[in-house]
Structure formats: C-alpha cells, structure tokens
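Below is one structure, written out as structure tokens; comments come after it.
The values are calculated or read from the model by the stated rules, or taken from the named source; none is laboratory data. As the structure is a prediction and not an experimental result, all values here were calculated from the model. Quick reminder, even Gly has a Cβ in these numbers, built from the backbone with ideal geometry, and neighbours come from all protein chains shown. Keep in mind that these areas ignore ligands, DNA and RNA; they rest on the heavy atoms of the full protein, side chains included. Shrake-Rupley method; radii C 1.70, N 1.55, O 1.52, S 1.80 Å.
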Amino acid sequence: MRIEKTSTSRLESTDFNNLKFGEIFTDHMFVCDYEDGKWDDPRIIPYKPIEIEPSANVLHYGQAVFEGMKAYKDDLGKVWLFRPTENYKRITISSERLAMPELGENIFLSALNELLTLDKGWVKPGIGNSVYIRPFIFGSEHCIAAAPSNKYKFMIILSPVQSYYTGSIKVLVAEKYSRAASGGVGYAKAAGNYGSQFYPTSLAQRQGYDQIIWTDSKNHKLLEEAGTMNIFFRIDNTLITAPTTDTILDGITRKSIIKIAEDNNINVEVRHISIDEVIEAHSKGILNEIFGSGTAVLVSEISSFGYKGKNYNLKKIENSYAATLKSIITKIQYNLTPDPYGWRSEVSAIKV
Ligand code: COI
C-alpha cells in the first residue's frame, strides 16, 4: 500500500471539545480504484477533494454504498474496532444488491488498520470520544447509460466525534412515507436509503419531532426502524425488536444488544411489533422504554412518540435496559472489561 503523509497536520489546531458530528476529518484518507475487473492501487493520501467527472455514474444513478464504524482508544493508548468483519460482510451484501463488485476482506481490513494507525492521534481516549469511520464505494465511470459502472472507488474517511444526539429524542410514527418496501434495498446500506429519508424527516421536524419511526410500506402498522437506527420496545420486561427482513438494516449494534440482553437474562423477542400493540401497552402503563440503536448513536433513548395527531410520553425509568445495555457494550468497546464475545479487535497495521 502506498502511503503519502500530509505535511500540514490539522490535529493540533482541532478543537476536540466542540465537535459537531461528521464535520471534521482527520489528516488522511484511503483510496482504491476498481477498473478492468480488479481493485488496484490501494493508497493512503492526505484528506482532500477528489475529482470526478460530471458524468460519473454515482451522480446520476446513485450506485453508492457505505458503512458506519467507530474506533475507540483505551487508557493505554491502544485503538480498538468493534466487530469490523461484520461491517465487511454487510458492505459485501450492500454492494451485491447495487450490482457493485466485491471488495475483498483483506483490502477492507488492512485499509482500516493502516489508516487508523497513521491517524491514531485523532482518536481521543475517554468514553464518548471516538473516531467515526466511513468506508464507502461508488460508481465512478463517466458514462450516463443507465447501467452498472465499470469503474468504482473504495474510500475511507475518518471523523472525530462525540455523541450524536444529546439527551432523549422524540419520534413520529410514519403514516404516509416509507423508508423501504419489500423487494427493495432497505436491508442494504445504500446511500439512497438515507437521502430519501430527509424530506419526510424534515416534515416531522417541523412538527417538533427529531426522527421518524418507519413503518411497513403496505399498511403503515409494523414498526421497522427509527431514523437511521434499529428500534427496540420494552413492554413490561420483554424487549421486542423487528426481525431483519429485506426492509430492515441488519444493525451490528442491534445484534450485539440482542446477544448482551439475552446473556443478562433479559427476555428478548425478535418479531414484528405494530403501533396498535405499542399504544395498547402505553395505555396499560406497561410500555416501559423505547430506544434506537446504531453505530453513530450506540443507544438512543426515545422519550415520546407521535401517532395520528396524538403524542405519547414515556416515563423516565430507573435502571433502564437502554442504560444497562449501553454501559455493557461501551465497556467492551473501550477495553474496560473482558470481551467474552471476541468482538473487540486492536488496530495493528496489517500489511496488504
Ligand atoms: C450509523 O449509525 O453508522 C449510521 O448509519 C448513521 C449515519 C447515517 C450517521
């Protein structure tokens, strides 16, 4: 792998106490090109604008997939990733759905290792501090025929972050718009899945909500995801989350939470859950918690939800499952506890 280091690091001039999510990027980025049926020229170069032609496939047909990951630093200065091979598996699934070429696990993992080794000074220790990692692949061929690109770029950029949301959030249950339909791309981390959420979400925000709870596209009854997160409901003492069908992203935080909850004697049901069931539980006083999960937020508590013009508040409860599960997973991520699952992996410059 070629490495070109920056001559003007921005590390010292970055204010790590006032980071807005995803606005600041580290000194370097990874780039690799796909052409003539193979990935070639893996390189790390200074973070900077890239040139693409106006006719590039991604600008017209949106052949683009991405991943979200984080790097954490422990008190000894070691940098850790959380289940990176799961991200590799998922980007492969996403790429296949978008008719894009497979990357190869070695390119993915060694790129992460080399880039994070070089920019490890940007990963600050302390719970809440991390570097958000954004691997992405897009069609770069200059051709506006509606067909898969013959050229792609795989890139990784890194952004130092703190928390995504501060405090709990309010969500609106979707009655008209959908995030995904059966047979579509909902299970893939395709760029278009996110762009298409912006308009309905902006309408919800005008009504005072932060995010939308996405419902099934047929009847708008089954609760699928919340904004860019998977979603969990605690009814009485049972934690319920939707199964990962082709409309739901197979969240890595989601599946880690399910495993940790089960191992901590929390009853988990992976099944469809409808808005009617949630409202009934609320009226009986047994809707104890709703929370979202994802890489960016980890676990985000939901304080109220809106449906058909009515708002339903949730009481703040002691020892919430959200707080308990967040704490266990955080300790694993920051190397503060043994990792019985083998989920944590140290960044240590594997060569391509
Ligand atoms: C993540 O949690 O990684 C996400 O996908 C959220 C991102 C779109 C900000």
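Over region 169-317, give the accessible area per residue in Å² for a 1.4 Å probe, as an integer.
Per-residue value: 41 Å².
So if each residue of separation counts as 0.36 nm, and I subtract the Cα-Cα distance between Asn313 and Thr117, what length gain in nm does that give? Kindly include the intermediate steps, with their values, before the conclusion.
Details: separation 196, 0.36 × 196 = 70.56 nm, distance 4.51 nm.
Result: 66.1 nm gained on full extension.
Could you check how much of the accessible area of the chain is carbon and sulfur, as a whole percent, using a 1.4 Å probe?
Here it works out to 50 percent.
Once each part is reduced to its C-alpha centroid, what is the distance from region 115-155 to region 282-344 in angstrom?
Their Cα centres are 28 Å away from one another.
Let me know the Kirkwood hydrodynamic radius for region 169-317, please, with Cα pairs as the basis and the value in Å to one decimal.
One over the average 1/r among Cα pairs gives 15.3 Å for region 169-317.
Can you give the angle from 0 to 90° between the axis of helix 105-118 and the longest principal axis of the chain, with both taken from C-alpha atoms, to the nearest 10?
For 105-118 against the chain, the angle is about 80 degrees.
Can you work out ³J(HN,Hα) from phi for every residue in region 10-21, in order, using Karplus 6.51 cos²θ - 1.76 cosθ + 1.60 and θ = phi - 60°, giving whole Hz and x for Gly and Pro?
9, 4, 5, 8, 8, 8, 6, 8, 10, 8, 8, 3
When every alpha-carbon pair in the chain is counted, what percent end up more than 30 Å apart?
Tail of P(r) above 30 Å: 39 percent of Cα pairs.
Helix 275-284 versus the longest principal axis of the chain: what is the Cα-based angle in degrees, 0 to 90, to the nearest 10?
50
Counting Lys and Arg as +1 and Asp and Glu as -1, what is the net charge of the other residues whose Cβ lies under 15 Å from the Cβ of Asp75?
It works out to a net charge of +4.
Search the structure for amide H atoms under 5 Å from the amide H of Thr295, placed 1.01 Å from N in the peptide plane, and list their residues when 5 or more places away or on another chain.
Amide H neighbours of Thr295: Thr253.
Taking H placed 1.01 Å from N in the peptide plane, check which residues at least 5 places from Ile212 or on another chain put their amide H under 5 Å from its amide H.
Leu172, Gly227
I need the calculated FRET efficiency for the pair Asn17 and Asp75, taking r as the beta carbon distance and R₀ as 30 Å, to the nearest 0.05.
Efficiency, rounded to the nearest 0.05: 0.95.
Quick one: check the C-alpha center-to-center distance for region 187-210 versus region 3-57, whole angstrom.
The two parts, judged by their Cα centres, are 26 Å apart.
Starting at the first residue of region 170-184, write each ³J(HN,Hα) from the Karplus equation 6.51 cos²θ - 1.76 cosθ + 1.60 with θ = phi - 60°, in whole Hz, x for Gly and Pro.
Once rounded to whole Hz, the list reads 10, 10, 10, 7, 5, 10, 10, 7, 10, 8, 8, 10, 4, x, x.
Take the Cβ-Cβ distance between Glu4 and Glu102 as r, set R0 to 41 Å, and report the resulting FRET efficiency rounded to the nearest 0.05. Intermediate results must be reported in sequence, preceding the final value.
Values: r = 27 Å, r/R0 = 0.65.
The calculated FRET efficiency here is 0.95.
Ordered by residue, what ³J(HN,Hα) values in Hz, to whole numbers, does region 242-249 give under the Karplus form 6.51 cos²θ - 1.76 cosθ + 1.60, where θ = phi - 60° and Gly and Pro are x?
Result, rounded to whole Hz: 5, x, 7, 7, 6, 9, 10, 6.
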